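As C-alpha cells, the structure follows; a few thoughts come after it.
The values are calculated or read from the model by the stated rules, or taken from the named source; none is laboratory data. Since we're looking at a predicted model, the values are computed, not measured. Counting neighbours? That spans all protein chains shown, and the Cβs are built from the backbone with ideal geometry, glycine included. Quick note on the areas: whole protein, heavy atoms, side chains included, nothing else; ligands and nucleic acids left out. Shrake-Rupley method; radii C 1.70, N 1.55, O 1.52, S 1.80 Å.
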Amino acid sequence: SEEFVGEFLRARGVRPDEVVVSSKWGYTYVADGKVELGEGEPHEVKDHSVRNFLKQVEETAHHLGEYITLYQVHSATFDSGALTDPALHAALAATRASRGWALGVSVSGPSQPAVLRAALRLRDDRTGAPLFDSVQCTFNVMEQAAGEALKEAREMGVDVVVK
C-alpha cells in the first residue's frame, strides 16, 4: 500500500506540504497476496526487532519518503520488544533526527492503558524528550479504558490518534 500511495500522490503532482501521510512498521506480510490461506497460516508476522525496523524504514523511505509525516510502531505490546529494546529506541530516535519524521506508537487490546503509559515513559536518550510524538489506540463509545492514559499523553504534548 505504501507503493500505491506514493505513486498516486506523485502521479497527481501532490506536494508533500499538501498532505499528511502516516505509515506503520512492525509487520511483515507473508501471504503473497493470497486471500485464503491454510489453517494456521498467518497473513502477517509481527517483528519489532531493530533489524526489521531498519529494513522497513528504508522500504517506507523508498515508497513514501518525502510524504511521511508520522511513522508508527504497529501494535506495540509488552511481549513484542518495542518497549524494552534500547537499540530499537536509539534507531527510532536516529530516524526522527535524520529524516524529520515524527514517531508514533499504536496499541490495541485489553492492556492498552498500561502499554500506552509504558510507551509514554520512553525517552530519546540524546534529547530527553519523549520518544514518541504521538500515540494511537482504540477509543470509542464501547471502549474507553485508555481515556485517562490518552489524557496524560495530551498533557505531555503528545498527539493522540484514535481508531
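Restricting the first member to segment 48-70 and to residues that are farther than 23 Å from residue 159 by Cβ, and the second to residues that are of a type in the set (A, V, I, L, M, F, W, C) and open to solvent by less than 50 Å² (accessible area, probe 1.4 Å), the beta-carbon pairs closer than 9 Å and six or more apart or on different chains are 49/88; 50/88; 50/91; 52/25; 54/91; 55/25; 59/25.
Taking residues in segment 100-117 that are within 18 Å of residue 130 (Cα to Cα), and partners anywhere that are charged (D, E, K, R) and not in a helix (DSSP H, G or I), the pairs with Cβ atoms closer than 8 Å and at least 6 places apart or on different chains are 102/133; 102/159; 103/133; 104/133; 104/159; 106/24; 106/163.
Can you confirm whether residue 108 is under 16 Å from the mean Cα position of the chain (by Cα), open to solvent by 20 Å² or more (accessible area, probe 1.4 Å) and closer than 18 Å to residue 4 by Cα? When the stated conditions are applied, residue 108 does not pass them. Can you spot a residue in segment 79-86 that is at pLDDT 95 or above and within 22 Å of residue 6 (Cα to Cα)? No, segment 79-86 contains no residue that is at pLDDT 95 or above and within 22 Å of residue 6 (Cα to Cα).
Please give the strands (runs of 3 or more DSSP E) falling wholly within segment 1-83 in which 2 or more residues are open to solvent by less than 30 Å² (accessible area, probe 1.4 Å). Once the strands (runs of 3 or more DSSP E) in segment 1-83 are filtered for at least 2 residues that are open to solvent by less than 30 Å² (accessible area, probe 1.4 Å), what remains is 21-25, 68-73. Which ones in segment 118-163 are touching a residue at least 24 places away in the same chain (Cβ under 8 Å) and basic (Lys, Arg)? Of everything in segment 118-163, those that are touching a residue at least 24 places away in the same chain (Cβ under 8 Å) and basic (Lys, Arg) turn out to be 126, 163. Once segment 116-148 is narrowed to residues that are of a type in the set (A, V, I, L, M, F, W, C) and open to solvent by 60 Å² or more (accessible area, probe 1.4 Å), the residue that is nearest to the chain's Cα centre (by Cα) is 139.
List pairs: first in segment 1-27 and modelled with pLDDT under 95, second of a type in the set (Asp, Glu) and surrounded by 10 or more Cβ atoms within 10 Å (Cβ to Cβ), Cβ under 9 Å, 6+ apart or cross-chain? Pairs that qualify, where the first residue is modelled with pLDDT under 95 and the partner is of a type in the set (Asp, Glu) and surrounded by 10 or more Cβ atoms within 10 Å (Cβ to Cβ), are 27/44; 27/47.
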